[in-house]
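The values are calculated or read from the model by the stated rules, or taken from the named source; none is laboratory data. Source: prediction; values computed, not measured. Cβ: placed from backbone, ideal geometry, glycine included. Neighbour counts: every protein chain shown.
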Amino acid sequence: MADDDLRRFRRNRQDEVDSAAQYRAMAASEPDAAVAKIYRELAQVEEKHAGFWEAKLREHGLDPGPRRPSWRARVLAWTARRLGPRMILPTIAQSEAVSRNDYAAQSETAHTRMPAQERSHARVLKAMLKRPEGAVGSELARVEGRHRNVGGNALRAAVLGANDGLCSNLALVMGVAGASTSSHAILVAGLAGLVAGACSMALGEWVSVTSSRELAERELHVERDELTAAPEEEREELQLIYEAKGIPKDEARQLSARLLDDHGAALDVLAREELGIDPGELGGSARVAAITSFLLFAFGAVFPVIPYMLATGTTAFVASIAVSALTLFGIGAAITLFTGRPVWISGGRQAVLGLAAAGLTFGLGSLLGTALG
């Protein structure tokens, strides 16, 4: 047996142990008993898969050792227990989707149900993502316009929002530090940058969510008028929607006709299926989105400023860089929860890029400070 195969066995076993731990934590914190039962069943299957790879290792004289979840799995499990399973569900679903066909090419699982079960897990989690989401998670995931492609992943949006505040304010503080040796001026600039940046992010989110709500309300109003003015055309649209989902034509016609008797239910279906709008949410709360964006940006932006609150001169300058570098590394490490990459690579890359931006603005500040006297 090649060493590569044994390493693959260990890697597969660890992945299954991690998945089981995550599902157990999600089940423990899920308020819906039926959903919690699904998570427990997924955990049981993953534990059986882990046992399969343990047996393979023992066949070759290797002791698999105790089942210990990785640090990544422990962090995700802790997050699920403290903040609820919806906070990590998008991350887990994405991971299952990416790895759903991993066993298809492995000869050891060719005559087992494992490949089919992994694909089934991916489909189950995809369906779970479509369930209604709580307000906190949905608003958090909406933070910062360019982060909206995170697929509802509130945890990732929080990390990226804090990263924005840290990187932008660190660059500002270092730029002012390059142009001036006054610790007071640097502190004032840092605090001003924190408040200005957080307000800008909050205002942007408020405008974005408000505009989204207004557009959704207008589209719902148009759909409601069409439902009243041309009910037969709307019934045909409903019928086509059901046919597209695989329902036979006659059944789709009957179902659409029954649904049309209740305009509220018909509008709800048309809004969700035709317009892609959830009538109960309409883009979420602009106020909550703005406050969340403000707090996340401010949280990241405060780290470069803290040393200047406690010290002055070279001590504050060096401490600001050190604290920011450690925080940048921590944010990079947090991102690996979603990417699965090694911590030192993501953390180191984040620290290097953030410090490079700070170095650039420091150099520019030094040049401007010299030129302007």
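The residue list Arg58, Arg40, Arg72, Arg67 contains one member that is free of Cβ contacts under 8 Å to residues at least 60 places away in the same chain, outside any loop (DSSP other than H, G, I, E, B), basic (Lys, Arg) and under 30 Å from Val159 (Cβ atoms), which is Arg40. Filtering the stretch 190-223 to residues that are buried (at least 17 other Cβ atoms within 10 Å of the Cβ) and charged (D, E, K, R) leaves Glu205, Glu223. Taken as a whole, the structure leaves Ser346 outside the set of residues that are farther than 30 Å from Arg11 by Cβ and in contact (Cβ under 8 Å) with a residue 12 or more places away in the chain.
Number of residues in the stretch 41-66 that are within 23 Å of Ala122 (Cβ to Cβ), charged (D, E, K, R) and surrounded by fewer than 17 Cβ atoms within 10 Å (Cβ to Cβ): the value is 2. Among the residues making up the stretch 289-340, those that are modelled with pLDDT under 90 and of a type in the set (S, T, N, Q) are Thr292, Ser293, Thr336, Thr339.
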